[in-house]
Amino acid sequence: EFWVESITNVKDPAEAFQHAFVHEHREVTGIAKRVGKGAVLHSSSHSSAVELLGPRHELYPLGIKSWSGRDARKPINLSTAMNAPEVSTTPSEFFVRTELPDGFPPEASADNWLVCFSDRLGTRQVAVSELQRFNQSDATAVMECSGNGLAFAFGLLSCGQWQGVPLEHVVTFEDTDFVEVIGFDEESRLSNPPPGFYKSGPGASWIFSGKHLRSQNALLALSLAGQALPADNGHPCRLIVPGYFGCANIKWVTEVKLCSGSDPPSAQMVEFAERVGQSRLTTVAE
């Protein structure tokens, strides 16, 4: 139910970017009907299409990170991105939703950042520098915040070229297993967003089925477009699961472990299920 089918089923990144822009939002779909579907699908018309969306919220200007902590957001200029020579967003321009926690250790590096893995083979801690010695894979994927919308001119959306280690190369799991990925979340600043915006609670974890992780080629990303991950986008290690909303692509990964499908969903899963209007909240992660 957290899967974005219209993105998952499109193989070409540029086409996926356009699908996300045109099909993921009712507001955009309505404009497509008014101005003609072709006018929105062609990149030369994206600028005018964005302008037709109406005024964006001035509290979150495009291309600038505003507010702080769990309320931080930096929407990209989608009309500029769609007219750029390369559809992939550069690391410095990638959208931000929730910035680096204020409790994050300033000395963190690939050498001293440890990820704890617990699976059928036992429990072990692996430094990111060790993960860098594994065979690396690439994943070009569109990522979108589940709260993307008119207030941000639909700019909480980016296409990234990620490099890292396939999750199944470092964690042993079966399709029938469930895997929880946990990220660093020591944040002292309470959520206090502008009026009209959602508050964000503590918690940074997501439970996936092994089948989905394998079919989506989940990746522990260590770089973006050949550069170190930006601090606000998960340095030194971030989960990438193509086709899932950004909230499920856990940043600052600290632990990956097998769990039960009968375990309760994490606080983050419940929070964002409500955001995307799921009609039914289950009491188990499955």
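The values are calculated or read from the model by the stated rules, or taken from the named source; none is laboratory data. Fair warning: this is a prediction, and the values are worked out from it, not measured in the lab. Every residue, glycine as well, gets a Cβ built from its backbone with ideal geometry; the counts of neighbours run over all protein chains shown. Protein only, heavy atoms only, side chains kept; ligands, DNA and RNA dropped before computing areas. Shrake-Rupley method; radii C 1.70, N 1.55, O 1.52, S 1.80 Å.
Please state which one of 62, 100 is in contact with an Asp or Glu (Cβ under 8 Å, 6 or more places away or on another chain), open to solvent by 40 Å² or more (accessible area, probe 1.4 Å), under 23 Å from residue 191 (Cβ atoms) and in contact (Cβ under 8 Å) with a residue 12 or more places away in the chain.
Unique residue meeting the criteria: 100.
Please determine whether any residue of the stretch 177-190 is hydroxyl-bearing (Ser, Thr, Tyr), open to solvent by 10 Å² or more (accessible area, probe 1.4 Å) and modelled with pLDDT under 95.
Residues of the stretch 177-190 that are hydroxyl-bearing (Ser, Thr, Tyr), as a first pass: 188.
Retained after the next criterion (residues that are open to solvent by 10 Å² or more (accessible area, probe 1.4 Å)): 188.
From what is left, the residues that are modelled with pLDDT under 95 are none.
Within the stretch 177-190, not a single residue is hydroxyl-bearing (Ser, Thr, Tyr), open to solvent by 10 Å² or more (accessible area, probe 1.4 Å) and modelled with pLDDT under 95.
Of the conditions (1) closer than 18 Å to residue 276 by Cβ; (2) touching a strand residue (DSSP E or B) at 6+ places or on another chain (Cβ under 6 Å); (3) open to solvent by less than 10 Å² (accessible area, probe 1.4 Å); (4) of a type outside the set (Ser, Thr, Tyr), residue 246 fails just one. Which one is it?
That leaves (3) as the condition not met.
Name every residue in the stretch 181-210 that is over 30 Å from residue 166 (Cα atoms), touching a helix residue (DSSP H, G or I) at 6+ places or on another chain (Cβ under 9 Å) and not basic (Lys, Arg), in order of residue number. Steps first, answer last, please.
Step one: of the stretch 181-210, the residues over 30 Å from residue 166 (Cα atoms) are 188-199.
Imposing the further condition that a residue be touching a helix residue (DSSP H, G or I) at 6+ places or on another chain (Cβ under 9 Å) reduces the set to 188-194, 196-199.
188, 190, 191, 192, 193, 194, 196, 197, 198 - these are the residues of the stretch 181-210 that are over 30 Å from residue 166 (Cα atoms), touching a helix residue (DSSP H, G or I) at 6+ places or on another chain (Cβ under 9 Å) and not basic (Lys, Arg).
Yes/no per residue for (1) over 19 Å from residue 220 (Cβ atoms); (2) modelled with pLDDT under 90:
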{"residue": "42", "(1), (2)": "yes, yes"}
{"residue": "48", "(1), (2)": "yes, yes"}
{"residue": "51", "(1), (2)": "yes, yes"}
{"residue": "59", "(1), (2)": "yes, yes"}
{"residue": "74", "(1), (2)": "yes, no"}
{"residue": "108", "(1), (2)": "no, no"}
{"residue": "114", "(1), (2)": "no, no"}
{"residue": "124", "(1), (2)": "no, no"}
{"residue": "143", "(1), (2)": "no, no"}
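Does any residue of the stretch 125-139 turn out to be surrounded by fewer than 22 Cβ atoms within 10 Å (Cβ to Cβ) and touching a helix residue (DSSP H, G or I) at 6+ places or on another chain (Cβ under 8 Å)?
Yes: one or more hits.
Cβ-Cβ under 7 Å, sequence separation 6+ or interchain: first residue in the stretch 254-277 and within 27 Å of residue 148 (Cα to Cα) and part of a strand (DSSP E or B), partner open to solvent by less than 40 Å² (accessible area, probe 1.4 Å) and among the aliphatic types (A, V, I, L, M). Which pairs?
Close Cβ pairs (under 7 Å, with a partner that is open to solvent by less than 40 Å² (accessible area, probe 1.4 Å) and among the aliphatic types (A, V, I, L, M)) amount to 254/115; 254/182.
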